[in-house]
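Undergrad: Got a structure for you, written out below as structure tokens; questions coming shortly.
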Amino acid sequence: MPAAPAVRTLLFERFDAHGRVLPRREPWSPPEPADSPAAAAWLARRAYRTWVSEIMLQQTQVATVRNYFDRWMQRWPTLADLAAADPEDVARAWAGLGYYSRARRLHAAARLVVDRHGGVLPSTVQGLREIPGVGPHVTFAPPGPSAAVALLAVAPCTAPRPTW
């Protein structure tokens, strides 16, 4: 398997050629230097947003997810906020997206990440796969559609990214 920076480059190239507008997308502008606490916090926030978006988009149309995603991020802007949420509030916020087990697993996973990983998604594919509801599709299936979570959580934020 190629090294993480090479995989990151391949995925960015694939996105540039075939990417769609998705709820989580925002300009790639991590703080400098890349190994600073600010960059790590930015990347953790980005990974959380990507993760929530990927789970919401499973078997749900992008047009449907946009408003749900925006409301979700207003209500629970960080993984720690989601972990602290009441499970019933999470279920109510998910109402209308279908496949309600996704919301329960996402909430359980947020609690696990806070309890075991200090509120930051694990930095290995194996660690990501230990999270409830996260399997090979979400963690890494190049050139599959959802390698984004693994890319953000596992690969170091060392290279500048063009705007998208």
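Table: residues versus (1) in contact with a strand residue (DSSP E or B) (Cβ under 7 Å, 6 or more places away or on another chain); (2) over 16 Å from Leu43 (Cβ atoms); (3) open to solvent by 10 Å² or more (accessible area, probe 1.4 Å); (4) at pLDDT below 65.
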position: Glu88; (1), (2), (3), (4): no, yes, yes, no
position: Trp94; (1), (2), (3), (4): no, yes, no, no
position: Arg104; (1), (2), (3), (4): no, yes, yes, no
position: Gly118; (1), (2), (3), (4): no, no, yes, no
position: Glu130; (1), (2), (3), (4): no, yes, yes, no
position: Val134; (1), (2), (3), (4): no, yes, yes, no
position: Thr139; (1), (2), (3), (4): no, yes, no, yes
position: Ser146; (1), (2), (3), (4): no, yes, no, yes
position: Ala150; (1), (2), (3), (4): no, no, no, yes
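Undergrad: Something else about it: Can you tell me which residue in the range 66-83 is farthest from the chain's Cα centre (by Cα), limited to those that are closer than 13 Å to Val120 by Cβ and open to solvent by 30 Å² or more (accessible area, probe 1.4 Å)?
TA: Ala80
Undergrad: May I pose another question? Evaluate the following for Arg46: is it of a type in the set (Lys, Arg), at pLDDT 85 or above and in contact with an Asp or Glu (Cβ under 9 Å, 6 or more places away or on another chain)?
TA: Working: of a type in the set (Lys, Arg): yes; at pLDDT 85 or above: no; in contact with an Asp or Glu (Cβ under 9 Å, 6 or more places away or on another chain): yes.
No, not satisfied.
Undergrad: Checking the conditions here, which among Ala39, Ala47, Ala63 is open to solvent by 70 Å² or more (accessible area, probe 1.4 Å) and among the aliphatic types (A, V, I, L, M)? It would help to see each step written out before you state the result.
TA: Details: Ala39 fails: open to solvent by 70 Å² or more (accessible area, probe 1.4 Å); Ala47 fails: open to solvent by 70 Å² or more (accessible area, probe 1.4 Å).
Result of the check over Ala39, Ala47, Ala63: Ala63.
The values are calculated or read from the model by the stated rules, or taken from the named source; none is laboratory data. Quick caveat: nothing in here was measured; it's all calculated off a predicted structure. Every residue, glycine among them, receives a Cβ derived from its backbone with ideal geometry; neighbour counts consider all protein chains shown. These area figures cover heavy atoms from the full protein model, side chains too; ligands, DNA and RNA do not enter into them. Shrake-Rupley method; radii C 1.70, N 1.55, O 1.52, S 1.80 Å.
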